[in-house]
1. Do we have Leu299 as out of contact with any strand residue (DSSP E or B) (no Cβ under 6 Å at 6 or more places or on another chain) and over 26 Å from Arg168 (Cα atoms) here?
2. With in contact with a strand residue (DSSP E or B) (Cβ under 8 Å, 6 or more places away or on another chain) and touching a residue at least 24 places away in the same chain (Cβ under 8 Å) as the only criterion, which of Gly185, Gly224, Gly139, Gly205 stands out?
3. Do you know which residues across the stretch 212-229 are open to solvent by 50 Å² or more (accessible area, probe 1.4 Å) and over 18 Å from Ile259 (Cβ atoms)?
4. On the basis of being part of a helix (DSSP H, G or I), farther than 19 Å from Thr293 by Cα and open to solvent by less than 20 Å² (accessible area, probe 1.4 Å), does Leu163 make the cut?
5. If we keep just the residues of the stretch 1-19 that are open to solvent by less than 50 Å² (accessible area, probe 1.4 Å) and of a type outside the set (Asp, Glu), which is modelled with the lowest pLDDT?
6. Got a sec? Which of Leu206, Leu277, Leu218, Leu269 is of a type in the set (A, V, I, L, M, F, W, C) and under 18 Å from Leu177 (Cα atoms)?
7. Within the stretch 279-300, work out how many residues are over 16 Å from Leu218 (Cα atoms), open to solvent by 10 Å² or more (accessible area, probe 1.4 Å) and in contact (Cβ under 8 Å) with a residue 12 or more places away in the chain.
8. State whether the residues of the stretch 239-255 include one that is of a type in the set (S, T, N, Q), at pLDDT below 90 and open to solvent by 30 Å² or more (accessible area, probe 1.4 Å).
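The values are calculated or read from the model by the stated rules, or taken from the named source; none is laboratory data. All figures in this text were calculated on a predicted structure; none of them were measured in a lab. Glycine also receives a Cβ, built like all others from the backbone with ideal geometry; neighbour counts cover every protein chain displayed. These accessible areas exclude ligands, DNA and RNA; they are computed on the full protein's heavy atoms, side chains included. Shrake-Rupley method; radii C 1.70, N 1.55, O 1.52, S 1.80 Å.
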Amino acid sequence: MGKNASPKPDNTPQTSSETPFTTFIQLDGKSPVPSQFRTPGTFTITRLQSPAGLPDRITKLSPVPALLVSISLKSLPSSSYQVWTADKLIPTSIVHPFRSNVIDFDSQPRCWTGSAFDYVHYTVPRKGLDDIAEDLGFGRVSDYRLAVLEDDLVVAQITKSILPFLGRNDAPSVLALDQFSLILGAHLLQQYGVLQKTGQRSKGGLAPWQKRRASELLHKNMHGRIRLSDIARECGLSVSHFARSFKTSFGASTHQWLIQHRIDHAKQLMSQTSMSLIEIAIQSGFNDQAAFTRTFHQLVGVSPGRWRRHYMTRHFRT
């Protein structure tokens, strides 16, 4: 991002203040770094890199009750890393790769890193966590356990899964980010939440009319720009309840279902029209041909061009 260190979304233009997004900030050693870093009041994923560290500590603030989850992607010496909560210095040691911090924004967390670093930060609003807690049958979670340099394998793994998409032109859609926030939120709730009672989750799927409505909305929004909350509201369910019921009914998350539908639609266009691959990519909900080719190869095992040639050869032989 050069000298401008202001975060900028790397996906499609936002439609509301609650829309999740991802940001990739690359400092160059001369970039101005504010003493206060204010996050938006929504679920966000921010990757922050610096080749020189920070000149002074930063206070991180959120306009809404939320958790800050931070994951270091590289090692840091203990002499170059400090964390404060509620103006209290937290004892730390060497920072190993993919160690996690989970801190409530209410404690006004501050941090200082004196050498080159590479971090992924998640802002997770408490409202979304409360909705998940209600769906899982937990009482309202009043507090979350402070964790600093935690060896959390789940957070590490899901961070590794999202990492390749940060900073790319084909950043995750809002639907994919909604699904990702549910996975992370459920883990944070059960691993760090101070829970009042054992949860009993609903195991049922969607009603037939709910399945039809959800499919209809996903078909109409093939690019994935619809919010999970919009589909859940149309089905009369909470976001967490809808997401789990959808997976029970369809055997896949909404995002996975939509990706498969895009590929099926692309196959239909390749086999029944003479459209170019770039036209098919756009018609099937992909941002560009590169993203289409990459996803098609992952799911089908061959490139779209090769699949098309094989289909046409087989078709004409018969």
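1. So Leu299 does not fit the description; no.
2. Gly185
3. Once the filter is applied, which keeps residues that are open to solvent by 50 Å² or more (accessible area, probe 1.4 Å) and over 18 Å from Ile259 (Cβ atoms), the stretch 212-229 yields Arg212, Arg213.
4. For Leu163, the condition - part of a helix (DSSP H, G or I), farther than 19 Å from Thr293 by Cα and open to solvent by less than 20 Å² (accessible area, probe 1.4 Å) - is not met.
5. From the stretch 1-19, those open to solvent by less than 50 Å² (accessible area, probe 1.4 Å) are 2, 5, 10-12, 19; that's our starting set.
Narrowing the set further to residues that are of a type outside the set (Asp, Glu) leaves 2, 5, 11-12, 19.
Values: Gly2: 37, Ala5: 42, Asn11: 38, Thr12: 34, Thr19: 87.
Filtering the stretch 1-19 for residues that are open to solvent by less than 50 Å² (accessible area, probe 1.4 Å) and of a type outside the set (Asp, Glu), the one modelled with the lowest pLDDT comes out as Thr12.
6. Residue meeting the stated conditions: Leu218.
7. Summing the residues that are over 16 Å from Leu218 (Cα atoms), open to solvent by 10 Å² or more (accessible area, probe 1.4 Å) and in contact (Cβ under 8 Å) with a residue 12 or more places away in the chain in the stretch 279-300 gives 8.
8. No, the stretch 239-255 contains no residue that is of a type in the set (S, T, N, Q), at pLDDT below 90 and open to solvent by 30 Å² or more (accessible area, probe 1.4 Å).
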